[in-house]
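Structure first, commentary second.
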Amino acid sequence: MPSHDFTALFDKYPGLIRQMPPTFTSHKFILELARREQKLYVEALYDYREKKHRGKRAPFLMVHAVLAQELSAFPHLVRQVRNVNSKDIFGRPNTSAKWKKVQERD
């Protein structure tokens, strides 16, 4: 069970998705979410400060995994295209899901 309620951040997704370019990566989305919602983002990181990955504390990795996965909860707004090479928040080479915005009907 998660140690943080991400609802306030997830509520920002539809508006932010609409403002993103036609295609974007999970990394770019998370960076923009963090930039716009700094307080909420830092609160999530703080609550995950003790979470570990492979025996090491990894709050960024764990929070970002939750944030990236939530994009799939908006199939009326985006669909995952494929995984692409990308740099993580620390500039390290990694992979990230690439998303394409779904055309909204009037």
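Each value in this text was obtained by applying a stated rule to the coordinates, not by laboratory testing. The shown structure was predicted, so the numbers you read here are calculated from the model rather than taken from an experiment. Note: ideal-geometry Cβ built from the backbone for every residue, glycine included; neighbour counts use all protein chains shown.
Exposed loop sites here mean GluC sites (Glu not before Pro) with a DSSP loop assignment and at most 15 other beta-carbon atoms within 10 Å; the chain contains its longest site-free run at 51-103. For chymotrypsin sites (Phe, Trp or Tyr not before Pro), the sites in the range 26-104 that DSSP calls loop and that have at most 12 other Cβ atoms within 10 Å are Phe90. Tell me the angle of helix 38-47 to the major Cα principal axis of the chain, expressed in degrees between 0 and 90 and rounded to the nearest ten. Compared with the principal axis, the helix lies near 40 degrees. The overall shape of the range 7-99, judged from the alpha-carbon gyration tensor, is oblate: a/c is not under 1.5, and a/b is no greater than b/c.
Modelled label positions at Asp5 and Arg82, each set 7 Å beyond Cα in the direction of Cβ, lie 4.1 nm from each other. Loop-located trypsin sites (Lys or Arg not before Pro) across the range 50-83 with a Cβ neighbour count of 12 or fewer within 10 Å are Arg54, with loop assigned by DSSP.
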